[in-house]
Amino acid sequence: MSANTAVAEKYRNNFLKEIEEQVEMGDWVKMCMQCGVCSGSCPTNFQSAWEHPPQELFMMIRAGKREEVLTSSSMWNCTSCYNCIVRCPRKLPITHIMHGIAEYAHRLGMAPKMQPTRFFSGLFWKNCTHTGRVNELKLSMGLYFKDGFVQGIKNGMAMQSVALGLVKAKRLNVMELFGGHKCKDQKGVHAMLKKAYEIERGRKTAKIAG
Amino acid sequence: MAKHEYAFYPGCSSQKGASASNYLTSVESMCKTLDVKLTEIPDWNCCGASIGYAEAGELPRHVMNARNFALSEKNLPGQEIVATCAACWLGARETRERLTHSDTLMADTREALKEAGLTINEMPGIRHMVEVLIEDLGFEEMAKHVVRPLEGVKIAGYVGCQTNRPFGVAGESFENPVYLDKMVEMVGAESIPEYEQKVTCCGGALAFSEPEKAQAQIKDIVESAYDHGAEMIVTPCPLCQANVEIYQGQINKRYGTKFDIPVMYYSQLMVVAYGGSAKDAALNGQVIKARRLEEIAAKPVKR
């Protein structure tokens, strides 16, 4: 049984409970009173980017629209500006809930595969945990070559003037491609993260079994 | 002994050859004048930033920040951690808050840290450099060192998001924080309190992944600065600085604008006002040159 079917089995007809138990800060969703201040405060909501702004997603969760929520590109439009958090009259940690739903959709393999911010988010985490510190050059290159080699060269060309400006100002180092900044104790960083994933997975699985 | 000492968490973007290396140079010069001693946390790691969320999960993200806390406690016991980057500060503060509020999360974190041979006994204080300046030193102390006021320079104070929300600087409002305007006036320049884009989001990581969305936001931020007669923009955040500065050329192509406005760090303004050279203020790190500041930095100092 795949992870997805296992959770579907456990939380049949109760998507809200699934979100509460499996998503970071998911137990806050039921507190939403549908005022819409979050949607009105969201910078990307004004660019016809969102399929569903936060308060709509929260109602869809309560209505059990599992497929629509988890496959949506909406959560991935979050810029982490925290405007929704500070304005929410019910004090919901909306930014974290959005990140949490996104992470859950990604974990289940239901998130839109080529959504650029989903891709970048995964790339960023891999980049910074690989050596313990971000390698800005490899991060940018990884993003440009997301849609293959030819598109990568095109993207690189489009960004050429921006990159050159940074290189001239000594704020982008081409040598980062061969190594770059890192933690001395990379082994420790990896071991600690491995353990953290193990514990977190254990806790989530226990809830499905329980 | 220095007047103020802190454990320093510079963050990835501040490293040599990285996008905010000019920020670090100017902070070092500024701290020298103000007698603030920053000792780098040995072998610190990335905070995970907000954008790592797809794969970070909850515990791994907090463990990353907790490793820095543990290293700080071990090597620099009793010192508060100071970050210059908004995202580093926010990430570390969030971890501090979550671990303080959840015994389970704290126990899990300790178990994971053990794998790296580390532990946490005490939660460190987490401060942003602007908090140190405002709260520990104060405007009066900061102003004392001004020997070359930036007279007649009009500067838009762009606070951005993560230095302002969800934690912010104590006593400031989320919608209209005024400390940056006060810092602009402190260095003898002219602030623009009515600059209505001061807490608008620059698009954050979307500037990389979905540039058209971020650039629409950056356009508003820059346009309003021009509308208010600003000669330059100042910010306390490395990502705000980079996003608002380096994409102006692309925005000009996209929207037919003629943007060419320098975007500075508060620390750069302070270093020039404190009598430092262009090099001390890392003015050579600007993609859009701050000519007016370069001219002022070349002037003799009034002692």
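The values are calculated or read from the model by the stated rules, or taken from the named source; none is laboratory data. Small disclaimer: the values here were computed from a predicted structure and weren't measured. Cβ placement follows ideal geometry from the backbone for every residue including glycine, while neighbour counts extend to all protein chains displayed.
Among the residues of the range A:63-79, those that are part of a helix (DSSP H, G or I), of a type outside the set (A, V, I, L, M) and over 17 Å from A:THR5 (Cβ atoms) comprise A:GLU68, A:SER74, A:TRP76, A:ASN77.
In the set B:PRO238, B:PRO262, only one residue is assigned by TED's automatic domain parsing to the domain that holds B:ILE192 and either among the hydroxyl-bearing types (Ser, Thr, Tyr) or in contact with a Phe, Trp or Tyr (Cβ under 6 Å, 6 or more places away or on another chain) (or both); that residue is B:PRO238. Screening the range B:202-216 for residues that are within 7 Å of chain A (Cβ to nearest Cβ) and either in a helix (DSSP H, G or I) or of a type in the set (Ser, Thr, Tyr) (or both) and picking the one that is nearest to B:SER19 (Cα to Cα) gives B:PHE208.
Of the residues making up the range A:81-104, just one is buried (at least 24 other Cβ atoms within 10 Å of the Cβ) and at positive phi, namely A:TYR82. When each of B:GLY57, B:GLY48, B:GLY125 is tested for being closer than 20 Å to A:CYS81 by Cα and in contact (Cβ under 8 Å) with a residue 40 or more places away in the chain, the lone residue that passes is B:GLY48. Applying the condition of being of a type outside the set (A, V, I, L, M), assigned to a helix (DSSP H, G or I) and crowded, with 20+ Cβ neighbours inside 10 Å to the range B:106-125 and asking which residue is farthest from the other protein chains (Cβ to nearest Cβ) yields B:THR109.
Rundown of residues vs (1) free of Cβ contacts under 8 Å to residues at least 40 places away in the same chain; (2) closer than 29 Å to A:VAL189 by Cα; (3) buried (at least 16 other Cβ atoms within 10 Å of the Cβ), yes/no style:
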site	(1), (2), (3)
A:SER121	no, yes, yes
A:ASN127	yes, yes, yes
A:GLY132	no, yes, yes
A:ASP147	yes, no, no
A:GLN160	yes, no, no
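Of everything listed in (1) over 27 Å from B:ALA2 (Cβ atoms); (2) basic (Lys, Arg); (3) touching a strand residue (DSSP E or B) at 6+ places or on another chain (Cβ under 9 Å), the single unmet condition for B:LYS37 is (1). Checking A:THR79, A:THR44, A:THR117 one by one, the residue that is in contact with a Cys (Cβ under 6 Å, 6 or more places away or on another chain) and within 25 Å of B:THR163 (Cα to Cα) is A:THR79 and no other. Within the range B:63-96, restricting attention to residues that are assigned to a helix (DSSP H, G or I), of a type outside the set (Ser, Thr, Tyr) and away from chain A (no Cβ under 14 Å), which residue is surrounded by the fewest Cβ atoms within 10 Å (Cβ to Cβ)? Here the residue is B:ARG96. Would you check if B:LYS37 is part of a strand (DSSP E or B) and either farther than 21 Å from B:GLN162 by Cα or in the same structural domain as B:GLU80 (by TED's automatic domain parsing) (or both)? Yes, satisfied. Against the test of being surrounded by fewer than 22 Cβ atoms within 10 Å (Cβ to Cβ), within 21 Å of the chain's Cα centre (by Cα) and either within 12 Å of chain A (Cβ to nearest Cβ) or of a type outside the set (A, V, I, L, M, F, W, C) (or both), the options B:ASP35, B:ASP103 yield a single qualifying residue, B:ASP35. For the range B:139-146, state whether one or more residues are farther than 30 Å from B:GLU185 by Cβ, touching a residue at least 40 places away in the same chain (Cβ under 8 Å) and in a loop (DSSP other than H, G, I, E, B). The answer is no; no qualifying residue exists. Among the residues of the range A:79-138, those that are among the β-branched types (Val, Ile, Thr), more than 7 Å from chain B (Cβ to nearest Cβ) and either closer than 30 Å to A:HIS181 by Cβ or out of contact with any helix residue (DSSP H, G or I) (no Cβ under 9 Å at 6 or more places or on another chain) (or both) comprise A:THR95, A:THR129, A:THR131. Which members of the range B:217-230 meet the condition of being surrounded by fewer than 24 Cβ atoms within 10 Å (Cβ to Cβ) and either without any contact (Cβ under 8 Å) to a residue 12 or more places away in the chain or out of contact with any helix residue (DSSP H, G or I) (no Cβ under 6 Å at 6 or more places or on another chain) (or both)? Residues satisfying the conditions are B:ASP220, B:GLU223, B:SER224, B:TYR226, B:ASP227, B:HIS228, B:GLY229, B:ALA230. Restricting attention to the range A:41-62, the residues being more than 14 Å from chain B (Cβ to nearest Cβ) and part of a helix (DSSP H, G or I) number 9.
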